[in-house]
1. For the stretch 54-75, enumerate the residues that are hydroxyl-bearing (Ser, Thr, Tyr) and open to solvent by less than 50 Å² (accessible area, probe 1.4 Å).
2. Determine, yes or no, whether Glu353 is open to solvent by 20 Å² or more (accessible area, probe 1.4 Å), modelled with pLDDT of 85 or more and within 17 Å of His192 (Cβ to Cβ).
3. Restricting to the stretch 129-150, count the residues that are within 30 Å of Ser56 (Cα to Cα) and open to solvent by less than 20 Å² (accessible area, probe 1.4 Å).
4. Give me a count of the residues in the stretch 83-94 that are in contact with a Leu (Cβ under 9 Å, 6 or more places away or on another chain) and in a loop (DSSP other than H, G, I, E, B).
5. Tally up the residues in the stretch 50-82 that are part of a strand (DSSP E or B) and at positive phi, please.
6. Among the residues that make up the stretch 54-69, is at least one of them farther than 30 Å from Leu170 by Cβ and modelled with pLDDT of 95 or more?
7. If we keep just the residues of the stretch 151-199 that are part of a loop (DSSP other than H, G, I, E, B) and of a type in the set (D, E, K, R), which is least open to solvent (accessible area, probe 1.4 Å)?
8. What tally of residues in the stretch 37-53 results from selecting those that are open to solvent by less than 20 Å² (accessible area, probe 1.4 Å) and closer than 16 Å to Asn110 by Cα?
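The values are calculated or read from the model by the stated rules, or taken from the named source; none is laboratory data. Not measured: the values here are computed from a predicted model. With ideal geometry, Cβ positions are generated from the backbone for all residues, glycine too; neighbour counts draw on all protein chains shown. The accessibility values were calculated without ligands, DNA or RNA, using every heavy atom of the protein model including side chains. Shrake-Rupley method; radii C 1.70, N 1.55, O 1.52, S 1.80 Å.
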Amino acid sequence: MLLEKHMKLLRLYGGLLLQRAHKHTAARLSEKKLSRCFVDHRRVKVVAGSGGNGASSFHSEPRKEWGGPDGGNGGAGGDIIIKVDRQVRSLSSVSPVYHGKDGEAGSSQNCFGRNASPTYIAVPVGTLVKEEGRALADLSQHGQLYTVAYGGAGGKGNRFFLSNENRAPLTATPGEKGQERVVQLELRTMAHAALVGFPNAGKSSLLRAISNARPAVAAYPFTTLKPHVGIVTYRDHQQLAVADIPGLIPGAHLNRGLGVSFLRHIERCRLLLFVLDMSSAEPWEQLQQLCFELDQYNPQLSHRPRAIVANKMDLPEARRNLEALRSRVHQTVIPVSALTGHNTAQLILHLREMSWCR
C-alpha cells in the first residue's frame, strides 16, 4: 500500500512538471509571435559586387609561337537594386546586409569574364530610401527599380593594352571594388488607419476582431512593443490596412517610453481611430491626453479624419461612461466590444466611409 501511494505521488508530480513544461513552451511561442510584427524602418548596408580581374596571357600554337597577347577582360560586378513589390507589406524580410555577386575573371584566348547578375531587395509600395537623412528615392509604384549600389567595373586584360608601340604588353588590371553604402529604408505610409490609445486599451484584441492579424493577447495586462498591421477585406474585395500602434503614455512627445518612435508610426497613417478603455473612471480624459500628445508632436495630425472607438462595452461600468463621453465630444463615437465582437461590423463599415472621405 505504501509503495502504491508513492507511485501515485510520483505520477502526480510528473504530471505537474509536464503541465509546467507545456506552459513554458506556450509562453515561449507567444514571445516568438510578438517578434513577428510589422517593420517600417530598416538600416541596410549594401556592398555591390567587385569586377573580375583581367587576364595576362599570350597566344601560342604550333608554328605560331608569338601569336600576341590574348588575355580577356573581367566581367562587371553585380549591382544591388531595390525593387517595389505590391505583395510585400513590411520591411521585415529585408536583411541588414547585402553583398552583390562578383564578376568572373577574364581568361586566355580573348575570353571575357561574365558579368554578375544583380541582387534585388524587395520592398513595399511607398518606401523611402535615405542616406544620412537625405532622401534618395521615393518608390511609390509597383515594379519600380532603384539601383542603390553599382558593381565594380571589370579589369582589363593585356590584349586591351596592345598597340603599335607595345606589341607584347604584360599589363593586366584587377577589377574595381563595388560601391558600398549604408541606407535607411522607411515606409512613407504604414497603413490606412491607426489604432491609437494608451496601453491595455484593447487595441490588439480589436485588431484581431476586425482583421486577419493575430497579435498576441492575454488575460493579464501587457503592452504591444511593435506595431502589427491587419488587412480588413470587404465583399467587393476592397482592402484597408489597419495598424495596432504600441500604446502611448503621457509625455510621449518628449520621447518617454519610446514615444517618438510610436508617434512616427501614427504619422504614416491617413486615418486615426482613438481606442478608449470605457471601463476606466473618466475615459474622455484619455482622449484629451492622446490629442495633446499628437498635437505636440505634429499639429497636422489634428486635421486627419478620426473617430472614437469606445472599447470594452461588455463591462457594466462602460455603459455608464458612454453617454457622458458622447456629451463631451463632437466626433463619431462607435461603442464596441473586442472581446465579444459586439458592433465591430459597424466599425468596419465606418472605416470604409472614412476612407472615401479622406
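1. Here is the first cut: in the stretch 54-75, the residues hydroxyl-bearing (Ser, Thr, Tyr) are 56-57, 60.
Once the filter is applied, which keeps residues that are hydroxyl-bearing (Ser, Thr, Tyr) and open to solvent by less than 50 Å² (accessible area, probe 1.4 Å), the stretch 54-75 yields only Ser57.
2. Working: open to solvent by 20 Å² or more (accessible area, probe 1.4 Å): yes; modelled with pLDDT of 85 or more: yes; within 17 Å of His192 (Cβ to Cβ): yes.
Considered against the rule, which asks whether it is open to solvent by 20 Å² or more (accessible area, probe 1.4 Å), modelled with pLDDT of 85 or more and within 17 Å of His192 (Cβ to Cβ), Glu353 comes out as yes.
3. Initial filter on the stretch 129-150 (within 30 Å of Ser56 (Cα to Cα)): 149-150.
Narrowing the set further to residues that are open to solvent by less than 20 Å² (accessible area, probe 1.4 Å) leaves 149.
Adding up the residues that qualify gives 1.
4. We begin by selecting, within the stretch 83-94, every residue in contact with a Leu (Cβ under 9 Å, 6 or more places away or on another chain); these are 83-84, 90-91, 94.
Imposing the further condition that a residue be in a loop (DSSP other than H, G, I, E, B) reduces the set to 90-91, 94.
Selection size over the stretch 83-94: 3.
5. Within the stretch 50-82, the subset part of a strand (DSSP E or B) is 58, 61, 64, 69, 80-82.
Next, from what is left, pick out any that are at positive phi: none.
The number of residues fulfilling the criteria is 0.
6. Here is the first cut: in the stretch 54-69, the ones farther than 30 Å from Leu170 by Cβ are none.
Looking for residues that are farther than 30 Å from Leu170 by Cβ and modelled with pLDDT of 95 or more, one finds none in the stretch 54-69, hence no.
7. Within the stretch 151-199, the first condition is being part of a loop (DSSP other than H, G, I, E, B), and the residues that meet it are 151-157, 162-179, 188-190, 197-199.
Checking the rest, the ones that are also of a type in the set (D, E, K, R) come to 156, 165, 167, 176-177, 188.
Values: Lys156: 75, Glu165: 162, Arg167: 137, Glu176: 108, Lys177: 168, Arg188: 98 Å².
Within the stretch 151-199, the match that is least open to solvent (accessible area, probe 1.4 Å) is Lys156.
8. Total meeting the criteria: 1.
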